[in-house]
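Laboratory data are not the source of any read-out in this text; all were calculated from the coordinates shown. The shown structure was predicted, so the numbers you read here are calculated from the model rather than taken from an experiment. Cβ placement follows ideal geometry from the backbone for every residue including glycine, while neighbour counts extend to all protein chains displayed.
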Amino acid sequence: MLPIIPHVDWDCGPTEPTAAPAILPPHWQRRDAFSYTYRDGLAVILSEALERDGNRWRHVSVSARGRLPTWDELVAVKEIFLGTDSCAVQVLPPRREWVNHHPNVLHLFVRVDQRAVPDFRRGGTL
């Protein structure tokens, strides 16, 4: 299981288009401004953009060598790079809109200013 350190601060100034965690958990390394690797070959690219809906969205690409990232890895990356309290979404678009540049990459998105989707819990769980 990947170690989690909840972020409390983002390394983001008004002129920087992208935010990054101020503290990385053990065994994570920063490769450049917004890409990271974990000791087992997991790789993360972090970005942020103003999208066509007029909102800022933070995005992580998560890849693993020779396989898709596991659920536990995806959750850990979400909590490290997008925050433990954020509501991340994974988009499954219509087939005609698919773009797949790498077979072992998953993507998560978080709307920066507010929750992206309603709270779908019913009776306390999803």
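Things worth noting here:
- Normalised contact order of the range 28-111, rounded percent, pairs of Cα under 8 Å and 6 or more residues apart: 28 percent
- Once backbone amide H atoms are built at 1.01 Å from N, residue 24 has no partners under 5 Å, excluding neighbours fewer than 5 places away on the same chain.
- Between residue 27 and residue 112, the modelled labels are 3.2 nm apart [label points 7 Å from Cα along Cα→Cβ].
- Residue 72-residue 101 pseudo-label distance in nm [points 7 Å out on the Cα-to-Cβ vector]: 3.0 nm
- When Rg and the Kirkwood Rh are both derived from Cα coordinates, the Rg/Rh ratio for the range 28-111 amounts to 0.96.
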